[in-house]
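Enquirer: Before we start, here is the structure in question, set down as structure tokens.
The values are calculated or read from the model by the stated rules, or taken from the named source; none is laboratory data. Just so you know, these numbers come straight off a predicted model, no measurement behind them. All Cβ positions, even for glycine, are placed from backbone atoms using ideal geometry, and neighbour counts span all protein chains on display. Just the protein is used for accessible areas: all its heavy atoms, side chains included, with ligands, DNA and RNA removed. Shrake-Rupley method; radii C 1.70, N 1.55, O 1.52, S 1.80 Å.
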Amino acid sequence: MDMHIDPDKARFQGFKDLPRDGVIHMLNLVRVRAEAQYADGRKATGAEAYAAYGRESGPVFERLGGRIVWRGRMDFMLIGPDAERWDYCFIAEYPNADAFIAMLRDPIYREAVKHRSAGVEDSRLIRLSPLAAGAGFASAD
């Protein structure tokens, strides 16, 4: 099974090629390792490593206008692979795609990402265009 932790260059380029104006949402699904895998051998759980990532990267995220607009806890996989489980499920909002790119390039963020790399076993990061909420779920307008 392929594990997905960081985007490859082609995927990141595809992200950068999309329109950059306007608010974007990023759906984050994250599964952490039982035990983090730090290059320097330090000991921590995956949850502890991911928490360190959040503490260190959070100020950069907020400074660039990011905010969490939805969080939830996965209780049960009704449709989907039985092996897929997510420890963290949330949607991050950015004022525009350039803010997300600036976060990834920020030196403080780049230092914090070592904790994410050590703690995350698998993840999904999906860019979304926010639409108005309402009763209809099958409409893309």
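Enquirer: Hey, can you tell me all the residues within the range 120-129 that are open to solvent by less than 60 Å² (accessible area, probe 1.4 Å) and of a type in the set (Gly, Ala, Ser)?
Expert: Hit for the range 120-129 is 123, nothing else.
Enquirer: Just give me the residues in the range 89-141 being under 13 Å from the mean Cα position of the chain (by Cα), part of a helix (DSSP H, G or I) and among the basic types (Lys, Arg), in sequence order.
Expert: 116
Enquirer: Starting from the range 17-43, take each residue that is under 18 Å from residue 112 (Cα atoms) and touching a residue at least 40 places away in the same chain (Cβ under 8 Å) and list its partners that are assigned to a strand (DSSP E or B) and open to solvent by 80 Å² or more (accessible area, probe 1.4 Å), counting only C-beta distances under 8 angstrom and pairs at least six apart or across chains.
Expert: Within 8 Å, the pairs are 28/125.
Enquirer: So, residue 9, is that one exposed (fewer than 15 other Cβ atoms within 10 Å of the Cβ), without any contact (Cβ under 8 Å) to a residue 60 or more places away in the chain and on the phi < 0 side of the Ramachandran plot or not?
Expert: In short, yes.
Enquirer: Considering only the range 55-87, state which residues are open to solvent by 40 Å² or more (accessible area, probe 1.4 Å) and in a helix (DSSP H, G or I).
Expert: 55, 56, 59, 62, 63
Enquirer: Mind checking which residues of the range 83-99 are in contact with a Gly (Cβ under 8 Å, 6 or more places away or on another chain) and among the hydrophobic types (A, V, I, L, M, F, W, C)?
Expert: Matches in the range 83-99: 89, 90, 92, 99.
Enquirer: Looking at this structure, is residue 60 in contact (Cβ under 8 Å) with a residue 40 or more places away in the chain and touching a strand residue (DSSP E or B) at 6+ places or on another chain (Cβ under 6 Å)?
Expert: In short, no.
Enquirer: A further question follows. Filter the range 97-119 for residues that are among the charged types (D, E, K, R) and surrounded by 14 or more Cβ atoms within 10 Å (Cβ to Cβ) and give the result.
Expert: 98, 106, 114, 116 - these are the residues of the range 97-119 that are among the charged types (D, E, K, R) and surrounded by 14 or more Cβ atoms within 10 Å (Cβ to Cβ).
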